[in-house]
1. For the chain, what relative contact order do you get, as a whole percent, if you take Cα pairs closer than 8 Å and at least 6 residues apart?
2. At 0.36 nm per residue, minus the direct Cα-Cα distance, what do H69 and I13 gain on full extension? Give it in nm, one decimal, please.
3. Can you give the longest stretch of the chain with no exposed loop site, where a site means trypsin sites (Lys or Arg not before Pro) in a DSSP loop (not H, G, I, E or B) with at most 10 other C-beta atoms within 10 Å?
4. Might you work out the accessible area of V33 for me, using a 1.4 Å probe with all protein chains in place, and round it to the nearest 10 Å²?
5. Mind grabbing the accessible area of L58 for me, 1.4 Å probe, Å², rounded to tens?
6. Toward the positive end of the charge dipole of the chain, about the Cα centre and with charges on Cβ (Lys, Arg +1; Asp, Glu -1), which of G31, G10, Q73 goes farthest?
7. Report the GluC sites (Glu not before Pro) located in region 1-33 that are in a DSSP loop and have at most 11 other Cβ atoms inside 10 Å of their Cβ, or state none.
8. Compute the long axis of helix 17-28 from its Cα atoms, compare it with the longest principal axis of the Cα atoms of the chain, and write down the angle in degrees, 0 to 90, nearest 10.
Amino acid sequence: MRTQVITVRGAPIELTTFEYRILEHLMLRAGEVVSKAELTERLYDQDFERDSNVIEVLIGRLRRKLDPHDELQPIETLRGRGYRFALARDA
């Protein structure tokens, strides 16, 4: 995390500052449900429009960058609750 370099299958991927901050927060809380409000607070110091779709857009971009073929998508959406980072999947 100190280098802020993310690789997927050995290839580095480019992330914006906001994408990196969301991914870092989700990874630090891996396996836990992280609400949209918590992610919004992580991104913005001041009060921000809570109904904005900025988080959904950033999560969508992260998903495309992390796994464009959606085979092992590490970011799960838990409808009405938030998001969870999990690489291991139960079969």
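1. On the way: 89 pairs, mean separation 28.8, N = 91.
Reported relative contact order: 32 percent.
2. Details: separation 56, 0.36 × 56 = 20.16 nm, distance 1.50 nm.
Residue separation times 0.36 nm, minus the Cα-Cα distance, leaves 18.7 nm.
3. Counting only loop sites that pass the neighbour cut-off, the longest clear stretch is 10-49.
4. Per-residue accessible area (V33): approximately 60 Å².
5. Number for this one is 10 Å².
6. Comparing the listed Cα positions along the dipole, G10 ranks first.
7. Values: sites: E14, E19, E24, E32; in loops: E14, E32.
Passing both the DSSP loop test and the Cβ count: E14.
8. 70 degrees
The values are calculated or read from the model by the stated rules, or taken from the named source; none is laboratory data. On a predicted model such as this, the values are computed, not experimentally measured, just so you know. When we count neighbours, we look across all protein chains shown, and the Cβ atoms used for this are built from the backbone with ideal geometry, even at glycine. Quick note on the areas: whole protein, heavy atoms, side chains included, nothing else; ligands and nucleic acids left out. Shrake-Rupley method; radii C 1.70, N 1.55, O 1.52, S 1.80 Å.
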